[in-house]
Amino acid sequence: MARILTAILLMWLTFVPAQHALAATPEQAKAMAERAAVYLKKYGPEKTFAAIEDSLGQFRDHDLYVFVHDTTGLVVAHGGYATLKGKNTIGLTDIDGKPFVKEIVSIKDTGWVNYKWQNPVSKGLEEKLVYVIRVGPYLVCSGAYKSG
Amino acid sequence: MRPTSISDYMMTPLSKISIAWRALLPPVLLAVVMVGVVVLFSITYRTIERGNTLSMRTGLAIEQALHFVDELHLGHTALYRAVSLQSQGVEHRIVSDKVAAAFTALDKAARALDMLASIDVVADDVPVQATRAAFEAYLTSAKEAANFVETDAFVAAMYLNGADRKFLDAQANASAIGAALAARRERIDKDAAAALASALTRIGTATAIGILLSLAVATSFARIVTAQTSAVARIAHMAHHDALTGLPNRTTFNENLVSVFESTQVSGKEFAVLCLDLDRFKEINDVFGHRIGDVLLCRASERLISAAQGAFVARLGGDEFVLVVSEGRQLADTEALAHRIFTAFADEFEIDGHRIRTGVSIGVAVGPNDGTDPATIVGNADAALYRAKADGRGTIRFFEAEMDRQLREKRALQQDLHMAISGQQLLLHYQPLATIAGEIIGFEALVRWRHPARGLIPPAVFIPLAEENGAIIAIGEWILREACREAASWTQKLNLSVNLSPVQFLQGDLPRLVHAALLESGLAANRLELEVTEGVLIGDHNRTFSILRRIKALGVRIAMDDFGTGYSSLSYLHSFPFDKIKIDRAFVSDAERNAQSAAIIRAVLGLARGLHLPVVAEGVETVEQLAFLAREDCDEVQGYLIGRPCPISDYAGIVGHGAETRHEIAMVS
């Protein structure tokens, strides 16, 4: 079954043209996350989440975006996948079965979490390095796709 | 063990019961075994049924497990399809239909799992709980995926991807359920098969036992039938055989004789009938008792059968045996047979430590010459036997016409004897007794029978006949009364001697008769002397001595007659105070020629002197004998030398005119 899924995904991804020109680096992602964390501390969740979800806002840059989990795994804000907002993704795993949400919520301060996810720009399934910063009950995340 | 009584041939009630039990036991056992077989059948049926039920339920559970896997697979695939369709941008409705179909399938999977869990065969070894846990985890992921199918195919796909492992986990668990159940069903089936096999074995065993018991029933019935048949055969045997010796009995002998007689009438061949009895058997019985007597008869029978060498042997009763020889040359073969029998009886019998010697006497009649019918032939053989015994026992005698004539004469005489008293054919002769010096001191009364056709018959001939048919009682009574009456009429008070027969001691009241005779005649008791032979003393000594004492108490003297011919037992002389001993004439007549006879006379005389008994010597016929007796100091003598037995009228001068007068009157009248 996993192979079937992989085949579907690969077929699906093959038809999507790769766009690597403006791919962000992990450092950039880290900086984005740090900015968002500062913002959160400064303006509170409500304003911060709205800013994150603003597709034209300061927390969006090509394939770079910010998303926030609470400690239970609930997605409280998502800059890339709006449909995930309000959903608890604690059970979500990546294509290899890695329970990356659990890894994210388990971070006490800051840390890196690595998993495979779809690049919203290239639509490709790529390896992603996410920097996580804990701010009170929230985990502020931003990651860079490692394509090419 | 030879059967000794009729009861040995009959089934006793006890043996009937035991036979009934023996007969009843196999059917009862058979019934028990039948019931056992039925029970086993029902147990087996139930075992098989339970096995079937278990197997069936296990099968059902396996079916549910498979159903679960199928539905799970169906649902999972449908979800993937939905994600795929969504990503391809197909119509929203089609995707949502697919998602609905997926969850319908997953619902069915859930129900299958519930049903599987509810089946009682599902035990701890079946991983239902693990399957359920895996399935529920899968379902969570599947629902997450479904949540995103329509909004974000990638997230849905990721959820489905995560669900994938849980799907595989649930599927693996379901497979484990199937495997466990299959193993269980196999075990159940195997157990059921084993149970069936063992039940069949038991049923087979029980059936085999049943068959054996049926055979036992049949056998026992057969045994009863056999037992009854053999009982019938034994009763038949009993009817034809002597209970004591097992020899054919009189009935069988008669049948045999008739058939032999008839067959020889056709063939013209001769056949011999041998009548046989044991010498002095009655005395043996008296001395040793009937039990020993019976054993002797059995042993004698065995010797006879052995000596007979196939000739027919039967026991007619008592010590009477009979043999029939229907083969071979009659005279020579019969003599050879008789010789074998005499040889067989030459050895003593040893019974309970007693050594008993008995000879046999044999009388033979040869058919068809010696008789025109079987009964006559047997009668003639019997006559020959009588003759053999009369001739001194231990011998064989063939029937002769003369013998037959004598026998018939004897029977005729016995018939006539009954008429002798009433016909006044009996008379008394008197023979004098004298002292050794020649002085007549008394007379012995001797009976004579003047037969109307045959003339004077000597007592040696008719007294045994009278003793045989009981006429001696009346004759003895007549003699005593007549002699007493005669002696009482004598003017010379001489002694009177009267002989008593042993038979008189067995019947009637002898002392009373003696007393009556003395009273009626007026004869002084001390003039009467009663002579008894040793034959009187054989048998019940005590009774005889008691009778003799009562007679002696009347004042009558008792003399022991014919001493020396029988047992001559000193114990008799010691047990009873006889007044006189009379030495038998045989010794006296032999005394001059035979030193042994002389010695016996001397011994008896010596003995009598020791006991202070007077001795009378009988049969003194010569002066030499008288001289010998005188030398030996004998007290009294009797014999032709002194005087023959004569009518009392011949001795009228001695006894006195009383008798003479009566005699004269008789002569005149």
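The values are calculated or read from the model by the stated rules, or taken from the named source; none is laboratory data. Because the structure is predicted, anything quoted here is derived from the model rather than measured. In this analysis, Cβ positions are derived from the backbone assuming ideal geometry, glycine residues included, and neighbour counts consider all displayed protein chains. Only protein heavy atoms, including side chains, enter the accessible area calculation; ligands, DNA and RNA are left aside. Shrake-Rupley method; radii C 1.70, N 1.55, O 1.52, S 1.80 Å.
Only one of the numbered conditions (1) closer than 16 Å to B:Phe576 by Cα; (2) of a type in the set (A, V, I, L, M); (3) surrounded by 20 or more Cβ atoms within 10 Å (Cβ to Cβ); (4) modelled with pLDDT of 90 or more is violated by B:Val514, and that is (1). Note on the stretch B:207-265: residues that are open to solvent by 40 Å² or more (accessible area, probe 1.4 Å) and over 27 Å from the mean Cα position of the chain (by Cα) amount to 13. You will find that of A:Ala33, A:Ala24, the residue that is surrounded by 15 or more Cβ atoms within 10 Å (Cβ to Cβ), modelled with pLDDT under 90 and away from every other protein chain (no Cβ under 14 Å) is A:Ala24 and no other.
Residue count for the stretch B:482-511, restricted to those that are open to solvent by less than 10 Å² (accessible area, probe 1.4 Å) and charged (D, E, K, R): 1.
Within the stretch B:87-100, the set of residues being open to solvent by 50 Å² or more (accessible area, probe 1.4 Å) and part of a helix (DSSP H, G or I) comprises B:His92, B:Arg93, B:Ile94, B:Asp97, B:Lys98, B:Ala100. Against the condition at pLDDT 90 or above, within 15 Å of the chain's Cα centre (by Cα) and either crowded, with 20+ Cβ neighbours inside 10 Å or aliphatic (A, V, I, L, M) (or both), how does A:Val38 come out, does it pass? Against the criterion (at pLDDT 90 or above, within 15 Å of the chain's Cα centre (by Cα) and either crowded, with 20+ Cβ neighbours inside 10 Å or aliphatic (A, V, I, L, M) (or both)), A:Val38 does not qualify. The single condition among (1) in contact with a helix residue (DSSP H, G or I) (Cβ under 6 Å, 6 or more places away or on another chain); (2) free of Cβ contacts under 8 Å to residues at least 24 places away in the same chain that B:Gly289 does not satisfy is (1). Against the criterion of being farther than 24 Å from B:Leu537 by Cα, of a type in the set (Val, Ile, Thr) and surrounded by 17 or more Cβ atoms within 10 Å (Cβ to Cβ), B:Ile472 does not qualify. Would the stretch B:55-70 turn up any residue that is within 14 Å of chain A (Cβ to nearest Cβ) and either assigned to a helix (DSSP H, G or I) or of a type in the set (Asp, Glu) (or both)? Scanning the stretch B:55-70 turns up at least one residue that is within 14 Å of chain A (Cβ to nearest Cβ) and either assigned to a helix (DSSP H, G or I) or of a type in the set (Asp, Glu) (or both). Screening the stretch B:217-313 for helices (runs of 4 or more DSSP H) wholly inside it with 3 or more residues that are of a type in the set (Lys, Arg) and at pLDDT 80 or above returns the ranges B:290-308. When we screen A:Gly86, A:Gly124, A:Gly80, A:Gly91 for residues that are open to solvent by 20 Å² or more (accessible area, probe 1.4 Å), closer than 23 Å to A:Glu27 by Cβ and within 14 Å of chain B (Cβ to nearest Cβ), the only hit is A:Gly80.
Scanning the stretch B:484-500 for residues that are more than 59 Å from the chain's Cα centre (by Cα) and assigned to a strand (DSSP E or B) turns up just one, B:Asn495. In the stretch B:569-577, the count of residues that are of a type outside the set (Phe, Trp, Tyr) and more than 15 Å from B:Leu611 (Cβ to Cβ) is zero.
The rows are residues; the columns are (1) hydroxyl-bearing (Ser, Thr, Tyr); (2) surrounded by fewer than 18 Cβ atoms within 10 Å (Cβ to Cβ); (3) outside any strand (DSSP E or B); (4) modelled with pLDDT of 90 or more.
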site: B:Lys552; (1), (2), (3), (4): no, no, yes, yes
site: B:Asp562; (1), (2), (3), (4): no, no, no, no
site: B:Tyr572; (1), (2), (3), (4): yes, no, yes, no
site: B:Ala598; (1), (2), (3), (4): no, yes, yes, no
site: B:Leu607; (1), (2), (3), (4): no, yes, yes, no
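Within the stretch B:128-158, restricting attention to residues that are of a type in the set (A, V, I, L, M) and facing chain A (nearest Cβ under 7 Å), the residue that is surrounded by the fewest Cβ atoms within 10 Å (Cβ to Cβ) is B:Val155. Screening the candidates B:Thr77, B:Thr104 for the property of being facing chain A (nearest Cβ under 10 Å) and open to solvent by 40 Å² or more (accessible area, probe 1.4 Å) yields one hit, B:Thr77. Within the stretch B:379-420, restricting attention to residues that are in a helix (DSSP H, G or I) and touching a Ser or Thr at 6+ places or on another chain (Cβ under 8 Å), the residue that is most open to solvent (accessible area, probe 1.4 Å) is B:Lys389. Only a single item in (1) open to solvent by 10 Å² or more (accessible area, probe 1.4 Å); (2) modelled with pLDDT under 85 is not met by B:Thr334, and it is number (1). Among the residues of the stretch B:167-182, are any in a helix (DSSP H, G or I), under 15 Å from B:Gly75 (Cβ atoms), open to solvent by less than 10 Å² (accessible area, probe 1.4 Å) and away from chain A (no Cβ under 14 Å)? Checking the stretch B:167-182: at least one residue is in a helix (DSSP H, G or I), under 15 Å from B:Gly75 (Cβ atoms), open to solvent by less than 10 Å² (accessible area, probe 1.4 Å) and away from chain A (no Cβ under 14 Å). With respect to (1) outside any strand (DSSP E or B); (2) touching a residue at least 40 places away in the same chain (Cβ under 8 Å), the lone exception for B:Pro432 is condition (1). The residues of the stretch A:94-119 that are free of Cβ contacts under 8 Å to residues at least 24 places away in the same chain, more than 10 Å from chain B (Cβ to nearest Cβ) and assigned to a loop (DSSP other than H, G, I, E, B) amount to a single one, A:Ser106.
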